[in-house]
Amino acid sequence: MTKIGIVLGSTRPGRVGDQVARWVHERAARREDAAFELVDLRDHPLPHLEQPPGFSGEYLDERIRAWAAVVASFDGFVLVTPEYNHSVPGVLKNAMDHVYLEWNTKAAGFVSYGGAGGARSVEQLRLVCGALQVADVAPQVTLPLATEFENRTVFKPGDHQVAALDTLLDHVVAWSGALAPLRGGRAEAAIRERIDAIVDGLRNKDLEALRRVYAPDVVSFDVEPPLQHVGIEAKLANWAKVFTFFEKVDYELRDLTITVRGDLAVGHGFGRVSGTLKNGVVADGMWVRATFVFRNTRDGWVIGHDQASVPFDVVTGRGVADLEP
Ligand SMILES: Cc1cc2nc3c(=O)[nH]c(=O)nc-3n(C[C@H](O)[C@H](O)[C@H](O)COP(=O)(O)O)c2cc1C
C-alpha cells in the first residue's frame, strides 16, 4: 500500500504546527487508499550539513542514516510548513538537504500556515522539490493565522479547509502511486549494483566487500549442507571455504530477473563459480539456480535470503550438475 509521510516542519518550542499536523493526520487516517504516518522533525535531530552531498546514498553519520531510512520508507509526503521571513523554516530545509536519492521520484503536497498563510514558504518549497526530483502537486492548503487560528494560536480551521485537504490528499496519493514504476526502476539499478559487488567481491576474494551485500541476519539455503546457513558469519564462512579451494576465482550470473515491490525485491538467475584450483587445475564449475531476496534497509538493498540449487534426478536422487542455461 502507498505510504505517505506527514512531515511537521517546525521544531520551535511553543510551535502551533503540531496542531496542524495532527489535523492533517487525523483526516488522512480515515482514508483507505494509503497509509499515513506523522514525521516530527523533533524526533530526527540532524547536524547542520557537515558532509558532502549525499548523492551516493552512503551517509557517514548515524543520525543521517536514520533520517535517510525514514524518508526512504515513504512513497510520498505532505509537508506541513510555517513561513519564517518569507521563506522555508531552516530545520525543514536542512532535513531536505541531508538526503537526496531517498526523495527522488516521489510526490509531495503542502499544508502551510503563518501570518500570510505560509504561501511564500510553499512557493520556495516547490523549487526545492524540483531539485530533489519530488513531484509537487498543485492543490494546497493555506492557513492564515488571522482566520484559521483563535488568538493566532489555537487552530480552528474552517470547514472549507477540510475539503481543500481532501483534494490535496487525493492528489498526493494518486501521484505517489503513479510514480511507483519509476522508483522500481531505480531500485532495480541499485540491486544490480549490489549483484555486481558480489561478483567483484568474489573475484577479489574480498570478504569485507561481500559482508556489505548481506543482511546481518541473512538466512542462506546454499548448495552445501547444512540445510541452512543462518547469519552473516555463516554465509561468509561458506565463501571463505570457496576461497581456500581456488587460487583464482570467478563468478558469472546469467538471466538475472529482478522484481521490486516496495522495500522488498526478488531476483533469480543462474550462477556459476569457476576458476583455477590451488593445484593449477582449471575448474569450469557448475551452473546452479540462484534466488535472492533483497530488503531495502538503512544500509541500502541487502540480501536477507538466498538459495542456490541444482535439479536432481528423481530416480537416482542425485543432483544434476552438468546443465547449461
Ligand atoms: C522567525 C519568524 C519569522 C516569521 N516570518 C513570517 C513571515 O515572513 N511571514 C508570515 O506570514 N509569518 C511569519 N512568521 C509567523 C509564523 O508563520 C507563525 O509564528 C507560525 O506560527 C510559526 O509556526 P510554528 O509556531 O509552528 O513554529 C514568522 C515567525 C517567526 C518565528
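Every number here is computed from the coordinates shown, using simple stated rules; none is lab data. Quick caveat: nothing in here was measured; it's all calculated off a predicted structure. Counting neighbours? That spans all protein chains shown, and the Cβs are built from the backbone with ideal geometry, glycine included.
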Checklist entry - When you scan the range 39-142 for helices (runs of 4 or more DSSP H) that lie fully inside it, which ones turn up with 2 or more residues that are closer than 30 Å to His160 by Cβ? => result 90-98, 119-131
Checklist entry - Restricting the search to the range 101-137, which residues are touching a residue at least 60 places away in the same chain (Cβ under 8 Å) and under 15 Å from the mean Cα position of the chain (by Cα)? => result Leu101, Asn104, Thr105, Lys106, Ala107
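Of Val223, Val172, which residue is part of a loop (DSSP other than H, G, I, E, B) and in contact (Cβ under 8 Å) with a residue 60 or more places away in the chain?
Only one candidate qualifies: Val223.
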Item to check | Of all residues making up the range 9-25, the number that are assigned to a loop (DSSP other than H, G, I, E, B) and more than 6 Å from the ligand (Cβ to nearest atom) | outcome: 4
Item to check | Qualifying residue in the range 98-110 (condition: touching a strand residue (DSSP E or B) at 6+ places or on another chain (Cβ under 6 Å) and polar (S, T, N, Q)) | outcome: no
Checklist entry - Taking the condition within 16 Å of the ligand (Cβ to nearest atom) and surrounded by 13 or more Cβ atoms within 10 Å (Cβ to Cβ), does Gly118 pass? => result yes
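Considering only the range 191-233, state which residues are small (Gly, Ala, Ser) and more than 18 Å from Ser309 (Cα to Cα).
Matches in the range 191-233: Ala197, Gly201, Ala209, Ala215, Gly231.
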Next on the checklist: Can you tell me which residue is nearest to the ligand (Cβ to nearest atom) among those in the range 81-97 that are over 22 Å from Ala138 (Cα atoms) and either among the aliphatic types (A, V, I, L, M) or touching a strand residue (DSSP E or B) at 6+ places or on another chain (Cβ under 6 Å) (or both)?
Outcome noted: Val91
Next on the checklist: If Arg254 meets every condition in (1) surrounded by 14 or more Cβ atoms within 10 Å (Cβ to Cβ); (2) among the basic types (Lys, Arg); (3) farther than 30 Å from Ala108 by Cβ apart from one, which number is that one?
Outcome noted: (1)
Checklist outcome for this item: The condition of being among the basic types (Lys, Arg), within 21 Å of Ala265 (Cβ to Cβ) and out of contact with any Gly (no Cβ under 6 Å at 6 or more places or on another chain) holds, among Arg152, Arg211, only for Arg211
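Residues checked against (1) touching a residue at least 24 places away in the same chain (Cβ under 8 Å); (2) surrounded by 22 or more Cβ atoms within 10 Å (Cβ to Cβ); (3) over 29 Å from Glu148 (Cα atoms):
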| position | (1), (2), (3) |
| --- | --- |
| Lys3 | yes, no, no |
| Arg22 | no, no, no |
| Asp33 | yes, no, no |
| Val99 | yes, yes, yes |
Checklist entry - For the range 178-192, which residues satisfy the criterion of being out of contact with any strand residue (DSSP E or B) (no Cβ under 8 Å at 6 or more places or on another chain) and within 17 Å of Gly267 (Cβ to Cβ)? => result Gly185, Arg186, Ala189
Checklist outcome for this item: Sole miss for Val154 among (1) surrounded by 23 or more Cβ atoms within 10 Å (Cβ to Cβ); (2) more than 30 Å from Arg194 (Cβ to Cβ); (3) in contact (Cβ under 8 Å) with a residue 60 or more places away in the chain is condition (1)
Next on the checklist: I'd like to check something: does the range 37-48 contain any residue that is loosely packed, with under 13 Cβ neighbours inside 10 Å, more than 16 Å from the ligand (Cβ to nearest atom), in contact (Cβ under 8 Å) with a residue 40 or more places away in the chain and under 21 Å from Cys129 (Cα atoms)?
Outcome noted: yes
